[in-house]
Amino acid sequence: MKFSYVNPTQIHFGQGQIAAVAASIPKDQKVLMIYGGGSIKKNGVYEQVTAALSDHSWIEFSGVEPNPTVETLDKAVAIAKAENIGYILAVGGGSVIDGSKYVAAAAKYDGNGWDILLGKHTVTEAVPIGAVLTLPATGSESNSGAVITQQSTQTKLPFMTPMVQPKFAVLDPDSMKTLPERQLINGLVDAWVHTCEQYLTTPVGAMVQDGYAETLLRNLLTLAAQYDNRDNNEWRSNLMWTANQALNGLIGAGVPQDWATHMIGHELTALYHVDHARSLSIIQPSLLRNQIEAKRAKLEQLGKNVFALEASDDLAERTIIEIETFYHSLKSPTQLTEHGDDKAAAINAVIKQLEAHGMAALGENQKITLEVSHQILEDAVK
Ligand code: NZQ
Ligand code: ZN
């Protein structure tokens, strides 16, 4: 284990905390508030944010889509440049926060912002960001990553830089009250897979990271089991904090990480518009079966410590079945159906995109080649 760790995002957690936005943004900076399709106007979040900004000079940009596109975001970049924006406030889910990170970085760059995703421009400067989270899932509110789609080429790529990590994030569980079932479930599944991507690799004896990851996974199982009682502050608070902790850098510090499920999943979203979390529940069981020997020890540890399974020779196999059962209990799919009838064509399309995006050596051992991804997709595509 060798790592440097800091999470510089100040979290304001709990009911009524949107008011903390007022004191979190310097008054001498012009603010660009960025949001999505308008859900924040139906749950009082917009009113609370604008009340908190009453002593600031601010303008707004709306219409950031789920799986935000560079085509839309570049319009916000132009506004940020023209209006001399000194602070960006992202109000929404992972898409709005990721999109705001792109705007923050591209606004300080004279070239084409997509260069950031292609690795042709290294971000050295960005407009400071704050976030008001309305959908617990991605952890984007206190991490340094973002995933952006170029619609014209059906390309969905991540970028990471500490420059775009939010300075502060408001996590008010009341803002979740209007979340559709499907998005709540997406949050549970995404947080689950984030934890797995940093845990289901090879054992390195990292007791803190493993133990905390297992706590987060048990939380998610418990929250799913208590799903019928989800309409209360305690349930919402626990999901919001668990999803945040699953991808704020802590459990991944100094341990091997996988992320192959995410990278293959991103292609399903870009090609077939599958929700991010659903792309993960589609790919992960097949990927785990394919990689079972490399991951056997950690699968057994997960089975024992999270699902409370008894030891047996097939403990790893039974653990994968438990994970699949967990997804089915939430009605999150474990096979792709959005591609129509031609399975072979769909698999080839995904492989072609993976190749084009340099995703030919995925996983903690870089052993998930295009050929291995092909095998994984054989089971994951219906
Ligand atoms: O646009 P609005 O009107 O706000 O509606 C959104 C959107 O339609 C709606 N919603 C959000 N909060 C709501 C609400 N509806 C009612 N009440 C509320 N309180 O939910 C829909 C989905 O929102 P979105 O932001 O797309 O969902 P999510 O938070 O799951 O974000 C997914 C995006 O994050 C990326 C994904 O790839 C995907 O693009 N990820 C980002 C990561 C990161 N930055 O670290 C890691 C993740 O693995 C993930 O890849
Ligand atoms: Zn994710």
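The values are calculated or read from the model by the stated rules, or taken from the named source; none is laboratory data. Bear in mind the structure is a predicted one, so any value in this text is a computation, not a measurement. When we count neighbours, we look across all protein chains shown, and the Cβ atoms used for this are built from the backbone with ideal geometry, even at glycine. The area values use the complete protein model at the heavy-atom level, side chains included, leaving out ligands, DNA and RNA. Shrake-Rupley method; radii C 1.70, N 1.55, O 1.52, S 1.80 Å.
Hey, if we sort LYS120, LYS167 by accessible area with the 1.4 Å probe, largest down, what's the order?
On the way: LYS120 145, LYS167 105 Å².
Accessible-area ranking of LYS120, LYS167, largest first: LYS120, LYS167.
For the chain, what is the relative contact order in percent, using Cα pairs closer than 8 Å and at least 6 residues apart in sequence?
On the way: 709 pairs, mean separation 58.9, N = 382.
Worked out over the chain, it gives 15 percent.
Over the chain, what is the percentage of antiparallel beta bridges among all DSSP beta bridges, to the nearest 5?
Details: 7 of 31 bridges.
Bridges in the chain that DSSP calls antiparallel: roughly 25 percent.
Hey, what does the equivalent ellipsoid look like for the stretch 180-380, semi-axes from the Cα gyration tensor as sqrt of 5 times each eigenvalue, largest first, whole Å?
The equivalent ellipsoid of the stretch 180-380 has semi-axes of 26, 21, 16 Å.
Would you please classify the overall shape of the stretch 219-313 from the alpha carbon gyration tensor, given that a ≥ b ≥ c denote the square roots of the eigenvalues, rounded means a/c under 1.5, and beyond that prolate means a/b larger than b/c while oblate covers the rest?
Working: a/c = 1.59, a/b = 1.12, b/c = 1.42.
It comes out oblate by the Cα gyration axes.
Around LYS367, what is the net charge, scoring Lys/Arg as +1 and Asp/Glu as -1 over all other residues with Cβ under 12 Å from its Cβ? Spell out each step's value before the answer.
Working: positive: LYS295; negative: ASP258, GLU293, GLU364, GLU371.
So the environment of LYS367 carries a net charge of -3.
Structure shown: which of LYS27/LYS75; LYS120/LYS382; LYS30/LYS177; LYS2/LYS298; LYS101/LYS177; LYS42/LYS156 lie over 27 Å apart, alpha-carbon to alpha-carbon? Write out the running numbers ahead of the final one.
Working: LYS27/LYS75 25 Å; LYS120/LYS382 37 Å; LYS30/LYS177 30 Å; LYS2/LYS298 20 Å; LYS101/LYS177 25 Å; LYS42/LYS156 29 Å.
Over 27 Å apart, Cα to Cα: LYS120/LYS382; LYS30/LYS177; LYS42/LYS156.
State, as an integer percentage, the relative contact order of the stretch 180-380 based on alpha-carbon contacts under 8 Å between residues 6 or more apart.
Working: 245 pairs, mean separation 51.8, N = 201.
In percent, rounded to a whole number, it is 26.
Sorting check: for 108-114, 351-357, which peptide has the highest mean count of neighbouring beta carbons within 10 Å, and how do the rest follow?
Working: 108-114: 14.4, 351-357: 16.6.
So the order, starting with the most tightly packed, is 351-357, 108-114.
How large is ³J(HN,Hα), in whole Hz, for each residue of the stretch 103-114 in order, when computed from phi with the Karplus curve 6.51 cos²θ - 1.76 cosθ + 1.60 and θ = phi - 60°, using x for Gly and Pro?
Karplus values, whole Hz, x for Gly and Pro: 4, 4, 7, 5, 5, 9, 10, 7, x, 6, x, 4.
What is the distance in Å between the Cα centroid of the stretch 306-361 and that of the stretch 134-200?
After rounding, the separation between the Cα centres reads 20 Å.
Size of the dipole of the stretch 189-269 about the Cα centre, Lys and Arg at +1 and Asp and Glu at -1 on the beta carbon, nothing else charged, in debye to 20? Don't skip to the answer; put the middle values down first.
On the way: 3 positive and 9 negative charges, 28 e Å.
It comes to approximately 140 debye.
Arranged from highest to lowest average of other beta-carbon atoms within 10 Å per residue, in what order do the peptides 257-264, 336-343, 58-65 appear?
Values: 257-264: 22.4, 336-343: 13.6, 58-65: 18.0.
Ranked from most to least packed, the peptides come out as 257-264, 58-65, 336-343.
Going by the alpha-carbon gyration tensor, a ≥ b ≥ c the square roots of its eigenvalues, is the stretch 271-382 rounded (a/c under 1.5) or, if a/c is not under 1.5, prolate (a/b greater than b/c) versus oblate?
On the way: a/c = 2.47, a/b = 1.50, b/c = 1.65.
Since a/c reaches 1.5 but b/c is at least a/b, the shape of the stretch 271-382 is classed as oblate.
For the chain, what is the Kirkwood hydrodynamic radius in Å, using each pair of distinct C-alpha atoms?
Values: mean 1/r = 0.0473 Å⁻¹.
Taking the inverse mean of 1/r over all distinct Cα pairs, the chain comes out at 21.2 Å.
Out of residues 5 or more away from MET33 or on other chains, whose amide H comes under 5 Å of its own, with H placed 1.01 Å from N in the peptide plane?
Those qualifying (amide H under 5 Å, at least 5 residues apart or on another chain) are ILE59, GLU60, PHE61, LEU89.
Ordered by residue, what ³J(HN,Hα) values in Hz, to whole numbers, does the stretch 346-355 give under the Karplus form 6.51 cos²θ - 1.76 cosθ + 1.60, where θ = phi - 60° and Gly and Pro are x?
Karplus-based 3J(HN,Hα) across the stretch 346-355 equals 5, 4, 4, 5, 5, 4, 4, 5, 4, 4 Hz.
Quick check on the chain: helices-only [θ] at 222 nm, where DSSP H runs of length 4 and up contribute -39,500 (n - 2.57) each and the sum goes over total residues. Nearest 500, please.
Working: 14 runs with 177 residues, N = 382.
After summing the helix terms and dividing by residue count, I get -14500 deg cm²/dmol.
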